[in-house]
Structure formats: structure tokens, C-alpha cells
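A.B. asks: Please find one structure pasted underneath; my questions will follow.
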Amino acid sequence: MSLPLISKAAARYTGAGGKEHCSLCRHFSPRRGGRCARVLGDISPRGWCRLFSREMRGLVADASSFNGGGGPSLGLDFMMPGVLDPRITFTRASTATYFNSAGVMQTAAVNQPRWDYDAATRTLRGLLIEEARTNVLPNGNAPTVLSGGATIAASADIQPLFAGAVVNKHTITGGPARGYVSVTGLTAATAYAFSLWLYVPTSVTRTDLAPYNNTGEGLTGTQTNASAAYYNMTRKGTWQRLTMIYTTGAAETALNAFFMRGLDIGDVFYTTAYQIEAGAFATSYVPTTSAAVTRAQDRCSISAANMAPWFNALTGSWFAEFVFQNPTSPNIRILASLGQPAGGSAGMVFVDPAQHVAQYDGGTALVTTSPALVVNAVSKGASTWAAGTGQVCGNGGAVLSGAMPGGFGTLSTLGVCFLIPSNPGVTDNATGYLRRVSYWSRALTGAEMQTVTTL
């Protein structure tokens, strides 16, 4: 049974919570638009009240508890948009797009972090970290070929998805009408994500995204998600993104992709931001003009020098709250590299290719949680190491242990890495949202690990 809601006055609520603030409390839900499960009214993520969850207090960094068995010596909250902690180094060698709190696509400058919001719900997802991707489709704002009874023109009828976007207005004047984008130079036997942003008025009953080629439906590859899922769409009157995953055939290097078929005469709909990228899922839009454009990889890390004042290499614990998007090989790394007396490297890896919270030593999995985590859902993981033993826990599940060969030694120059490869010179599939990270200079107990990772 749910506990009764109380007034802000009864809860002694304040909008200035300090270290203990509402965004760290299990009662607070940003998904409900800044609402609390215990206190009435709109609640600021920076607020506080007397009901602040006891179990969350251990996640709040407090200088008085450094190395003392209490709270963490490092607490990073990425759900507070703005400037990153000064100990963090963030790089990306290109611009990149994201959605702001108004649901409008923006462009971040080179080396500028992106706090990304859900375009429909306006809910903050976290700090967006993505692998490098290339939009291989030129003229990504207007790359259309039409046949049959249809017209297309730039339009100001619908608010654009982002400033400077070319919005394409499609009007069906006869039939059969078809619209598609053409792409060449693809790699055979490779998965590609086809995507576009679409605005469908309530009168339109069908539009889809599907592969096609110039000789008919003679494709040799495999479509992962059926285009039928996009017929008779219920999300109308707002911008939405359609995505299709298609793996090219053994000798297939060029094809077309439908974005509309079989609509009724008089139907009108709008498109923009077309993208075709090699990968098993779609990433943020990469604008193109006359040629393909690559978005560089996001890298977020703390160097060994900035770890030295608070890090204990011989024993400790990590906690992270994150969302990963890659369904095949997320490789979300929280602690990427520590030296060992016997040489080599060791790392705590929060999500392995099988979508589990896992702990690695020199590339060998020591212990992995079960069950697997869920793509595009908030997950929490914790990892400890002490006296040759490592433990992991995911989403409040069972705490599992494994023997760590040797002890940890000198910090490497890589230090702590968040959602990035352990080797900065190597491309890796690291895409998702970083939400919170904490570190304790002691090994958490099993009960503590389950507490901090419970969703």
C-alpha cells in the first residue's frame, strides 16, 4: 500500500537541498515531471525534505566520511545539466546534436558535453555519450526521390525539429505514390540503421520505413524490425523518429529506403533529418550537405592525477547509474585501467557484451551478474575489490563474487573512464547515458551494494 502524500510544509521542504538533494532520492521521479511519491506539488531536483531516503544518504559525498567507512569520497551527479565536475576531462573532436529541455534539437560545439532530453516527454536522460558514427547519406535534410502522384516542398507549416532544419512537406495528389532515399557505397554484409524524423497529422493512416531497390523488392539482406510496425501509427501530431535496421546482403552495396507508400490522395505529412549509418541501432542525428559527415566519439574520463587525492587502488567500490543503447556490445566502462604488480592491466567494466554488470581483469571476466540488463532502460551497477576478491551487483540483484589474481597497484595514465574505451586510440561501441557515479575507498557490503543499486 502506498504511503499518504504530505504537504511541503509538513515535510519541511526547501528548494535548496545542498549535498542531499531530491534527484538522489528514490521517492523523486523526473519521469513524472518533477514529482515526489511522498510530498505534494512540484518538486525541484535540487530540493530537500525530512523524508530524504535514508538508503540514499550513502551516495552523497561528504568530506567528513572520506576513507572512514561512510559515504563515498567521490560523488558525481550527471542529472544536473550544466558544467561538469572540474576533475573530469570531456572531449569530442566534432560537433554533435542533442535535444534540450524544450524538445528542440540543438548543436553542441566541439568538446561540449550534451545533456540530452527525450524529445516527446522533455525528460532528462543524462549525459549523452556516443561512439563515432558517419551519416553516409548526403543532403540529410532533403534527400528525396518521388514517384507517382506526390509533391514535395520546403515548408514552414510545422515547427522545425531544430533551428535551420529543412522541413519537407509531402502532399499526395494521386497514386500509387512512393517516396524513398537512395544510397550507394554501402559495405556488403553490414548492419545499417536507417532513420528519419516524421510529423504525421491525425488524418494520415499509413506511412512506413522499409528497404527497397531499383529492380523491385529483390533485396538480399535482412530487415531486423518489420516496417509493419509503422503502419497506422498512433503517435500523431508530434515529431517522431522512425528507425529501420537492415543488414546488407553478401554483395549488396546500394539500395533505396522507402519513407512513404500507399497513402491516400490528399494526405500530407512532413519529414526531416534523414540518416543512414553503419550500426545495429540509430544514434543522434548527424547533419549532412553534399557529402557524408562523421560525428566523433565522446570521451569522459578522470585522469590518474585527479584521482590521486581520493582513490585507494588496493580496495574500493564503484557505483553507477546509466542507460546503455547498444544491444550488441555496450562496453560501458566505469573503472578502465589499473596496473598490477604482475604487469598487465585490470578494469571494472559495468556492462559487458552480454548486457550484464561484469568485472574484468586483463580482459578475463571474473564475475558477471544475472539476469541481463535491459537496453534503453535505467540500470544501476556496483563493483568492489579487496584482498584479491571482486564483487558485482546489478539492479538490486544477487551479489556475486570472484577471485582477483594479485592485487591492484599503481594507477595508469588512463585513470577512470566513463562509457569510453579503455584505450583512447581504439574505436569501441560505447553509447548511452551516464546519470550518476560514486566511489568509496572501502569495499561495500553485499547489503549496501543491493541498496544502492535497487531501482
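The values are calculated or read from the model by the stated rules, or taken from the named source; none is laboratory data. Note that the structure is a prediction, hence the values are computed from the model and not measured. Counting neighbours? That spans all protein chains shown, and the Cβs are built from the backbone with ideal geometry, glycine included.
A.B. asks: LEU242 - would you say it is part of a loop (DSSP other than H, G, I, E, B), surrounded by 17 or more Cβ atoms within 10 Å (Cβ to Cβ) and at pLDDT below 85?
C.D. replies: Considered against the rule, which asks whether it is part of a loop (DSSP other than H, G, I, E, B), surrounded by 17 or more Cβ atoms within 10 Å (Cβ to Cβ) and at pLDDT below 85, LEU242 comes out as no.
A.B. asks: For LEU146, are the conditions met, namely being touching a Pro at 6+ places or on another chain (Cβ under 8 Å) and within 15 Å of PHE258 (Cβ to Cβ)?
C.D. replies: Criteria not met by LEU146.
A.B. asks: Something else: Do we find that ALA119 is more than 22 Å from PHE194 (Cα to Cα) and either surrounded by 14 or more Cβ atoms within 10 Å (Cβ to Cβ) or modelled with pLDDT of 90 or more (or both) in this structure?
C.D. replies: no
A.B. asks: Looking only at residues that are in a strand (DSSP E or B) and hydrophobic (A, V, I, L, M, F, W, C) in region 266-291, which one is farthest from VAL375 (Cα to Cα)?
C.D. replies: Result: VAL268.
A.B. asks: Search region 99-112 for residues being under 18 Å from MET79 (Cα atoms) and modelled with pLDDT under 95, and hand back the single one that is surrounded by the most Cβ atoms within 10 Å (Cβ to Cβ).
C.D. replies: PHE99
A.B. asks: Further question: When residues of region 160-178 are filtered for being assigned to a strand (DSSP E or B) and either surrounded by fewer than 12 Cβ atoms within 10 Å (Cβ to Cβ) or basic (Lys, Arg) (or both), how many remain?
C.D. replies: 2
A.B. asks: Ok, one more. Counting only residues that are among the basic types (Lys, Arg) and at pLDDT below 75, which one in region 31-49 is nearest to PHE319 (Cα to Cα)?
C.D. replies: Per the stated criteria, the residue is ARG31.
A.B. asks: Name the residue, out of PHE28, PHE90, PHE78, that is modelled with pLDDT of 85 or more and in contact with a Cys (Cβ under 6 Å, 6 or more places away or on another chain).
C.D. replies: When all the criteria are applied, what remains is PHE90.
A.B. asks: What is the one condition in (1) surrounded by 23 or more Cβ atoms within 10 Å (Cβ to Cβ); (2) under 30 Å from GLY148 (Cα atoms); (3) modelled with pLDDT of 75 or more that ALA292 does not satisfy?
C.D. replies: (1)
A.B. asks: Return the pair list, or none, for Cβ contacts closer than 9 Å from residues in region 134-154 that are under 19 Å from VAL183 (Cα atoms) to residues that are surrounded by 15 or more Cβ atoms within 10 Å (Cβ to Cβ) and acidic (Asp, Glu), at least 6 apart or on different chains.
C.D. replies: As it stands, the answer is THR134/GLU277; ASN135/GLU277; VAL136/GLU277; LEU137/GLU277, since those pairs meet every condition given.
A.B. asks: Just wondering, is there one or more residues in region 140-159 that are outside any loop (DSSP other than H, G, I, E, B) and within 17 Å of VAL286 (Cβ to Cβ)?
C.D. replies: no
A.B. asks: Just a yes or no: is a residue in region 50-72 assigned to a strand (DSSP E or B) and modelled with pLDDT of 80 or more?
C.D. replies: No, every residue in region 50-72 fails to be assigned to a strand (DSSP E or B) and modelled with pLDDT of 80 or more.
A.B. asks: Could you name every one of the strands (runs of 3 or more DSSP E) located completely within region 336-455 that has at least 1 residues being modelled with pLDDT under 55 and within 30 Å of GLU277 (Cβ to Cβ)?
C.D. replies: 416-418
A.B. asks: Which residue out of THR205, THR224, THR234 is surrounded by 12 or more Cβ atoms within 10 Å (Cβ to Cβ), of a type in the set (S, T, N, Q), closer than 30 Å to ARG122 by Cα and modelled with pLDDT under 70?
C.D. replies: THR205
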